[in-house]
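Derivation of every value follows stated rules applied to the coordinates shown; laboratory data play no part. Remember, it's a predicted structure, so these values are computed and weren't measured experimentally. Here the Cβ positions follow ideal geometry from the backbone for every residue, glycine too, while neighbour counts run over all protein chains shown.
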Amino acid sequence: MAMMDRVVVFFDLETTGLDTSRCEILQLAAISDDRRFNVFISPCRDIDEGASRVNGFTTHGHGSDPRSLQLHGQPVDAVPPMRALADFIDFLSSFQAPLLLAAHNARAFDVVVLTRNLQRCSLMPRFLEVSGGWFLDTLQLSRELWSLKSHKLKDLVSHFLNMPFNAHDAQEDVRVLQELYMKWKPNQAVVQSCTFSPAGR
DNA sequence: TGCCAGGCCCTCTTTAGGGCCTT
């Protein structure tokens, strides 16, 4: 599987918390070159206090009804998970090329949450058909490439890039992740070693 | 009721524990 021939799509999730077996997606952003995707999602559960603190999302509503979503106190246009994930799949299908989906800590967090939420919406088959289901973990990649004390996205940005950065805004996170990748110029072997497929799980 | 993550990596390791990283 030649990963270097693939179009790399960087993506990031903001969620209701860190528990990958329960959390819901609040924001899904992606970027590949100049092509961008972003969507906000109405969750059906409360946002953990710690998550609200770092990502700025709050909800209004209760019970099992979808909540209205606010970002830093301002209402955002949020859609149901099914609609958001279907739109993401449409975005991916527009590339009409083999893809490699990259995220920071993808293996332990983003891919686990994304695939669980896709499965819940019965969208996993279509997602795999469109995306190919290959993922790159940029946290693992950073650890393979560089000997650094911290491989947090925020610290990588301040170490490698001289650009302003709003951590925990998914659109900002994917933008800097792409910038880091372009700066690093990783070779095929190391990219391959940090690539995985959760299909069949 | 009360609880509340978990995969990966490192090492004072493998009969384990702790820190990193994601929200």
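Brief remarks on what is shown
- Among the residues here, A:Asp155 does not qualify as assigned to a helix (DSSP H, G or I) and under 18 Å from A:Val9 (Cβ atoms).
- Residue pairs whose Cβ atoms lie under 7 Å apart, sitting 6 or more positions apart in sequence or on different chains, and linking a residue in the stretch A:97-113 that is closer than 14 Å to A:Asp173 by Cβ and in contact (Cβ under 8 Å) with a residue 24 or more places away in the chain to a partner that is part of a helix (DSSP H, G or I) and within 8 Å of DNA strand B (Cβ to nearest atom), are A:Ala103/A:Asp110; A:His104/A:Leu139; A:His104/A:Leu153; A:Asn105/A:Leu139.
- Strands (runs of 3 or more DSSP E) contained entirely in the stretch A:35-150, each with at least 1 residues that are of a type in the set (Ser, Thr, Tyr) and within 16 Å of DNA strand B (Cβ to nearest atom): A:57-60
- All told, A:Gly56 meets the bar of being touching a residue at least 40 places away in the same chain (Cβ under 8 Å) and over 30 Å from A:Arg126 (Cα atoms).
- The one condition in (1) touching a Lys or Arg at 6+ places or on another chain (Cβ under 9 Å); (2) free of Cβ contacts under 8 Å to residues at least 60 places away in the same chain that A:Phe91 fails to fulfil: (2)
- Test: residue in the stretch A:162-183 that is out of contact with any Ser or Thr (no Cβ under 8 Å at 6 or more places or on another chain), surrounded by 13 or more Cβ atoms within 10 Å (Cβ to Cβ) and farther than 17 Å from A:Ile31 by Cα: no
- Test: residue in the stretch A:169-176 that is under 15 Å from the mean Cα position of the chain (by Cα) and not in a helix (DSSP H, G or I): yes
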